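All remarks here apply to the structure that follows.
The values are calculated or read from the model by the stated rules, or taken from the named source; none is laboratory data. Bear in mind that the values here come from a model prediction, so they are computed numbers and not experimental data. Cβ placement follows ideal geometry from the backbone for every residue including glycine, while neighbour counts extend to all protein chains displayed. The protein model used for the area step is the full one, side chains on, heavy atoms only, and it has no ligands, DNA or RNA in it. Shrake-Rupley method; radii C 1.70, N 1.55, O 1.52, S 1.80 Å.
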Amino acid sequence: MTAPLGPTLRIVIAGAGMGGLATALALAKKGFQHVHVYETAGNLGFVGAGIQVAPNLSRVLQDLGAWDALKDDVVEMKEASTYSIRVSATNEELANVKLTHVAERYGQPHCVAHRSALANAMYQGCRAAEPHVTIHFRTTVVGVDFDETRVLVKEREDDGEGHWINADVVLGADGVKSVVRKFMLAQHGEDGDVKDTGQAAYRIMLHRDQLAHDPELLAFVESNTTFRWIGAKRHVIAYPISRNTIFNISTAQPDVNFAAEPTATWTTRADKSAMLKVYSDFCPLAVRMLELVPEGEVCEWKLRVHHPLRTWVEGNVALLGDACHPTLPHLNQGAAQAIEDGAVLGVVLSKLTDLNDIHAALLVYEASTSRLRKARTEHLVEEAAASGRALHLTDPEAQAARDEAFRQVKHGGPNPDRAVDREVQDFVYGHDCMRDAEARFDGYFAEVKGR
Ligand SMILES: Cc1cc2nc3c(=O)[nH]c(=O)nc-3n(C[C@H](O)[C@H](O)[C@H](O)COP(=O)(O)OP(=O)(O)OC[C@H]3O[C@@H](n4cnc5c(N)ncnc54)[C@H](O)[C@@H]3O)c2cc1C
C-alpha cells in the first residue's frame, strides 16, 4: 500500500549507515517523496568488514528490494556449512553446529557478506529512488529542535552556525555516538554517556591469495564455515565472505589501547605486534592466520554500549539502530536490528493519514511493551552480553562446565554461544518485523491514542 502522506511528509534522517540507508529505502518503497539523509562522511564510510546476514536480515532486504544487488556477493551457509566452536589453545572442536536447517526452518538462508556490499545494495536502492530520496554527504547534524521538528546541519567546518532544515519527522540513525540521542537526553535532563564494555575488537581481512600457500587456511576460506576460537577474556571469529575470496576475521579482547588513551577515536589503525601478543597463547593455526595480516592493515574498534534509554521518541523525533540500542557484536545482530528498525519505521509511517498522529506512530514503532522494537532489541543486547560472558570465562571450573555444555549441543542442549542457540535463533531469525508491524499497527495505534 502506498503511504497516504507519501507525497507531502518531510522526513529527515541523520546518518547514512546501516540503519539510515535501510530507513530511507523502506520509506521510498512505501511512496514517501521527501526523504533527506544527512551524513557526515564523504561516502559510505568505514565499511571494510564482514557481516553476518541472518535470515531476519535477508528477509527484510528482500522486502526492500535490496537483496538482488547483494545476493551474488554473499556466501550462503548451506549444505556442508557449519559453525565450529573451538578451544583457543588447542583447536579442539567443542561444538559443530550445522546451519543447513536455517533456510528450511526460517524460510531464508543464513549468509555472510562484505559490509560494503550490504551498504552498497541499500545505497543503490536509495539512488534508484531519487529524487524522492536525497543523500547529502559531508553534512553533519549538529542540533535538533524538538518543538519545531527541525535539524541544524553544517556542510563544512567553515559553515558558520550551519542552517536549519525543517521536517515533519526526524530520525536519528547517527550511530553509537549519536548527537540526536544526546539532544534528546538533554531534553529530558538525562545523561547520555555511553557505557564502557572494557572490550575492543580487531577487524581484519585476508584475501584468498594471502592464504594460497597454506592448504589448511585455504580450506577454511573455501569451507562456508564460521570458526570461533574461545579463550579467557578473548575470542576470534572468522568466516569467508565475497564469494569465498576473502577470509574475514574479527576478535574481542580486553581494551588496553583505548583505555590508555581515552581521548582517541573509537576506531584506529592498530599495531600488528600488539595484536599478536594478545593472541600469542592461541593455537598455532589461529596465530598463523593472524600473522598473515600485513602491517598497517589491522584495525581496532572500541566496543561500546549504553544503558537502555527510557524512551526513543521525543515529539516527532525518534532514534534507531546503535543510536538507541548499541550492542556487543557477539550475536552478530547490530546491523540487522538497525535495518529492522528502518523497515518498521517505513511500515508505521506509511499508515499515517494525519500529520497530527506522527508522535503516536513513532510510539507504536518503539512499543516498549511488545516485540515491536524496544523490547526486542534490548533483549538481544542482553543476549549478546551474556554470550560474551560465557565465551570469555576465566574460571577453570566454569570453563569446564561451559565446554561440557558445548559438547552436549549435539544432543539438543542449549548452546552457550547464543548466536547459534536454537531458542535464540527462533526468536531472532523467526521474526518477520515488517509483517509483524503491519499486523499489530492498528491495535497499538488505538492503544497509544487512547492513553
Ligand atoms: C567488531 C564488530 C563486529 C560487528 N559484526 C556485526 C555482524 O556480523 N552483524 C551485524 O548485524 N552487526 C555487526 N556489528 C554491528 C554493526 O556494525 C552496527 O550495529 C551497525 O552498523 C549499526 O548501524 P547504525 O546505522 O545504527 O550505525 P552506523 O552503521 O554506525 O551508522 C551511523 C552513521 O551516522 C553517521 N553520523 C554519525 N554522526 C552523524 C551526525 N551528527 N550527522 C550526520 N551523520 C552522522 C556516521 O558517519 C555513520 O555513517 C558489528 C560491530 C562491531 C564493532
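Given a Förster radius of 41 Å and the C-beta distance between D159 and E447 as r, what FRET efficiency does 1/(1 + (r/R0)^6) yield to the nearest 0.05?
Values: r = 43 Å, r/R0 = 1.05.
E between D159 and E447, to the nearest 0.05, is 0.40.
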Test of the criteria: in region 69-152, which GluC sites (Glu not before Pro) are in a DSSP loop and have at most 13 other Cβ atoms within 10 angstrom of their Cβ?
E79, E92, E148
Among T134, N120, L94, the residue whose Cα sits farthest towards the positive end of the charge dipole of region 92-162, when +1 is placed on the Cβ of each Lys and Arg and -1 on the Cβ of each Asp and Glu, is L94
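Please compare each pair in K195/K410; K78/K277; K277/K302 to a cut-off of 27 Å on the Cα-Cα distance and tell me which ones are over it. Can you show the working numbers first?
On the way: K195/K410 36 Å; K78/K277 35 Å; K277/K302 18 Å.
Over 27 Å Cα-Cα: K195/K410; K78/K277.
Give me the one-decimal Kirkwood hydrodynamic radius in Å for the chain, with the sum taken over alpha-carbon pairs. Don't skip to the end; give the middle numbers.
On the way: mean 1/r = 0.0444 Å⁻¹.
For the chain, inverting the mean 1/r across all distinct Cα pairs yields 22.5 Å.
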Accessible area of the chain with a 1.4 Å probe: how many percent of it is carbon plus sulfur?
49
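Tell me the net charge near A22. Cut-off is 9 Å between Cβ atoms, A22 excluded, with +1 for each Lys or Arg and -1 for each Asp or Glu.
On the way: positive: none; negative: E340, D341.
Around A22, the surrounding residues sum to -2.
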Under the 0.36 nm per residue contour assumption, what length would be gained going from the current alpha-carbon distance of V256 and N244 to full extension?
1.1 nm
Potential extension, K78-H101 segment - 0.36 nm per residue separation minus Cα distance
7.4 nm
Percent relative contact order of the chain, based on C-alpha pairs within less than 8 angstrom and at least six residues apart?
20
Listed peptides 320-331, 231-242, 11-22, 423-434 by packing density, highest first (mean Cβ within 10 Å)
11-22, 320-331, 231-242, 423-434
Say each of D426 and R310 gets a label point 7 Å from the Cα, pointing the same way as Cα to Cβ; how far apart are those two points in nm?
3.6
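Leaving out ligands and nucleic acids, and using a 1.4 Å probe, what accessible area per residue does region 360-451 come to in Å²? Let's see the in-between values first.
Numbers: 4300 Å² over 92 residues.
Accessible surface, normalised per residue, equals 47 Å².
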Using a simple charge model, +1 on the beta-carbon of Lys and Arg, -1 on the beta-carbon of Asp and Glu, nothing else, what dipole does the chain show about its Cα centre, in debye to the nearest 20?
500
Find the centroid of the Cα atoms in region 321-362 and in region 60-77, then give the distance between the two in whole Å.
20
Taking the Cα centre of region 276-362 as the origin and placing charges on Cβ (Lys, Arg +1; Asp, Glu -1), which of H325, V347, P294 is farthest toward the positive end of the dipole?
H325
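What does the extension gain come out to for E130 and E378, with contour length at 0.36 nm per residue minus their alpha carbon separation?
Details: separation 248, 0.36 × 248 = 89.28 nm, distance 3.40 nm.
So the chain would gain 85.9 nm between E130 and E378.
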To the nearest 0.05, what FRET efficiency results for D354 and D196 with a Förster distance of 45 Å applied to their C-beta separation?
0.55
Magnitude of the charge dipole, region 363-402, Cβ model with Lys/Arg +1 and Asp/Glu -1, debye to 20
240
